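The values are calculated or read from the model by the stated rules, or taken from the named source; none is laboratory data. Fair warning: this is a prediction, and the values are worked out from it, not measured in the lab. Methodologically, a virtual Cβ is constructed for each residue, glycine included, from the backbone with ideal geometry; neighbour enumeration extends over all protein chains shown. Accessible surface areas use protein heavy atoms only, side chains included; no ligands, DNA or RNA. Shrake-Rupley method; radii C 1.70, N 1.55, O 1.52, S 1.80 Å.
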Amino acid sequence: MQAWRYVGSHQPLERQEIERPRPGPGEVVVQVRAAGVCHSDLHVLEGIAPFPTPMTLGHEGCGTVAEIGPGVTGLEPGQLVALYGPNSEGDCRFCRRGEENLCPAGPAIGLGIDGAYAEFVRCRARSAIPVPDGVEPAAAAVATDAVLTPYHALKGVGRLRAGETAVLIGLGGLGMNAVEIARLLGAYVIAVDLLPEKLEQARAAGAHETIDGRDQATVAALAAREPDVVADFVALEATVQTAQQIVRPGGRVVLVGLGATTGPLLTFRYGAQQIAAQGSFWGTSQELREVLDLIARGAIRPPVHTEPLGAVNDVLDRLRRGEVAGRVALVPEG
Ligand SMILES: [Zn+2]
C-alpha cells in the first residue's frame, strides 16, 4: 500500500510502498477515508522531539474498519470510525483517573506509530470510535484533534461556563473551532489573531468580537473586558505574556499551543490576584464521542476541505506559510 512517511527532520515526507498492516490481538486495521493535516506535523518535521524513522505521519484519521484482530468485540467490518489519536490502553493509572489523553502506553497514532497518511492504518480497537450517521469522513477526521483539543481545553480544563467571557488567541485550525465551541458553551467570545481574514472567519463562525493582535492597544483593551478564561492556541512567549496580563483576577489561562518551550511567568498576578494557568493536551475518547455527536447534530461545523493524499507535502508547505484556511483532510487516491 501507499504511505507518506517521516524520514527525518527538515525533509519532505517520502512516498513509500509498504506492506498493508495486519491487526494483532485487540487491534483493528482501518481503511483510511480522510486524514487531517495538523500544525503538529510541522513541529514533528522541525524536530521538536525524536520520532522513529521511517514513520507514517497523520494523527487525525477516519476510515472504515477493514480487518478485526482476535478478541475484538463491538466493531463491524465496513463501519465508519474516527481514530482516537492518543491510542490509550485504557487500564493504567492515568486512564483510570479519566486522564487517558495522558496515558503513557501510546504511542500516539501518527506520532510514534504509523498514522493515517496511508491507505490503511492499524490501532487499538478501543481507539476506533464509531462515527454517527450524517458525519462526513473529513469532518470526523478533523474532529479527532482540531475539534477535540479545543473542546477539552475550554470545557474540560478551562471549565468555561455560560455567561463567562472567553478570549481565544490564535485562529488556526484549533482556534477557529474553539470559537464555535465557546459559543456552544454559552460564553461571550472575543477572538484575537494577526490576520484580518482570520478575524473575518471568526466573526462568521460566531465570535461576538474580534481584535487585531497587531494593535498596540490590544492588551489594555482585552484586560478591560475582564475575561474569565483566556485560551492561547499559539503559546509563543508574546501570547503567553498577553494571556497572563489580560485574564481577570481569579481567572483561568489555558495553554494549548506548542509554540515555545519556555516563557514568561507573571508571578505577581498568581499570588496577588489568584490567576491560574493550566496546560491542555488533546482530549479523552469520551470527549471525542461528544464532539462527533455535536457535529452530527450540526452544533459544530468544522471548516475542512479535502485534497488528494499525494498533495501532502504541498499542503504542509502551505500550512507552514499560513496559507491554509480551516483544515485540509487528505483522501487516499483510488
Ligand atoms: Zn493508560
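Scanning region 67-108 for residues that are of a type outside the set (A, V, I, L, M), within 27 Å of Val328 (Cα to Cα), open to solvent by less than 60 Å² (accessible area, probe 1.4 Å) and within 16 Å of the ligand (Cβ to nearest atom) yields Tyr84, Gly85, Pro86, Asn87, Ser88, Glu100, Asn101, Gly106. For first residues located in region 76-100 and touching a residue at least 60 places away in the same chain (Cβ under 8 Å), partners that are near the ligand (Cβ under 8 Å from one of its atoms) and among the aliphatic types (A, V, I, L, M) and lie 6+ apart or on another chain with Cβ distances below 7 Å form the pairs Ser88/Ala105. Within region 257-290, the residues that satisfy the criterion of being of a type in the set (Phe, Trp, Tyr) and more than 24 Å from the chain's Cα centre (by Cα) are Phe268, Tyr270. Checking each residue in region 276-315 for being in a loop (DSSP other than H, G, I, E, B), over 15 Å from Glu60 (Cα atoms) and open to solvent by less than 60 Å² (accessible area, probe 1.4 Å) picks out Ser280, Gly298, Ala299, Ile300.
Given the conditions (1) in contact (Cβ under 8 Å) with a residue 12 or more places away in the chain; (2) open to solvent by 20 Å² or more (accessible area, probe 1.4 Å); (3) in contact with a helix residue (DSSP H, G or I) (Cβ under 8 Å, 6 or more places away or on another chain), and given that Thr64 satisfies all but one, which numbered condition is not satisfied? Failing condition for Thr64: (3). Quick check on Arg183: is it under 24 Å from His152 (Cβ atoms) and in a loop (DSSP other than H, G, I, E, B)? It is false that Arg183 is under 24 Å from His152 (Cβ atoms) and in a loop (DSSP other than H, G, I, E, B).
Residue count for region 112-128 satisfying the condition of being within 16 Å of the ligand (Cβ to nearest atom), within 17 Å of the chain's Cα centre (by Cα) and either under 18 Å from Trp4 (Cβ atoms) or surrounded by fewer than 23 Cβ atoms within 10 Å (Cβ to Cβ) (or both): 1.
Among the residues making up region 245-275, those that are in a loop (DSSP other than H, G, I, E, B), in contact with a Gly (Cβ under 8 Å, 6 or more places away or on another chain) and closer than 25 Å to Asp145 by Cβ are Val256, Gly257.
Hey, could you check region 211-244 for residues that are touching a strand residue (DSSP E or B) at 6+ places or on another chain (Cβ under 6 Å) and in a strand (DSSP E or B) and say which is modelled with the lowest pLDDT? Filtering region 211-244 for residues that are touching a strand residue (DSSP E or B) at 6+ places or on another chain (Cβ under 6 Å) and in a strand (DSSP E or B), the one modelled with the lowest pLDDT comes out as Ile211. The set of residues in region 143-189 being small (Gly, Ala, Ser) and either more than 13 Å from the chain's Cα centre (by Cα) or surrounded by fewer than 24 Cβ atoms within 10 Å (Cβ to Cβ) (or both) consists of Gly156, Gly158, Ala162, Gly163, Ala166, Gly170, Gly172, Ala182, Gly186, Ala187. Only one of the numbered conditions (1) within 16 Å of the ligand (Cβ to nearest atom); (2) more than 15 Å from the chain's Cα centre (by Cα); (3) closer than 26 Å to Gly170 by Cα is violated by Ala49, and that is (1).
The set of residues in region 1-11 that are within 26 Å of the chain's Cα centre (by Cα), over 19 Å from Pro50 (Cβ atoms) and open to solvent by 20 Å² or more (accessible area, probe 1.4 Å) contains only Trp4. Looking only at residues in region 255-269 that are crowded, with 16+ Cβ neighbours inside 10 Å and in contact with a Leu (Cβ under 7 Å, 6 or more places away or on another chain), the one that is farthest from Ala166 (Cα to Cα) is Gly259. Any chance region 118-126 includes a residue that's touching a residue at least 60 places away in the same chain (Cβ under 8 Å) and within 22 Å of Leu174 (Cα to Cα)? No, region 118-126 contains no residue that is touching a residue at least 60 places away in the same chain (Cβ under 8 Å) and within 22 Å of Leu174 (Cα to Cα). Going residue by residue through region 135-147, is there one that turns out to be without any contact (Cβ under 8 Å) to a residue 40 or more places away in the chain and hydrophobic (A, V, I, L, M, F, W, C)? The answer is no; no qualifying residue exists. When only residues in region 191-250 that are of a type in the set (S, T, N, Q) and in contact with a helix residue (DSSP H, G or I) (Cβ under 8 Å, 6 or more places away or on another chain) count, which is surrounded by the fewest Cβ atoms within 10 Å (Cβ to Cβ)? The residue in question is Thr218.
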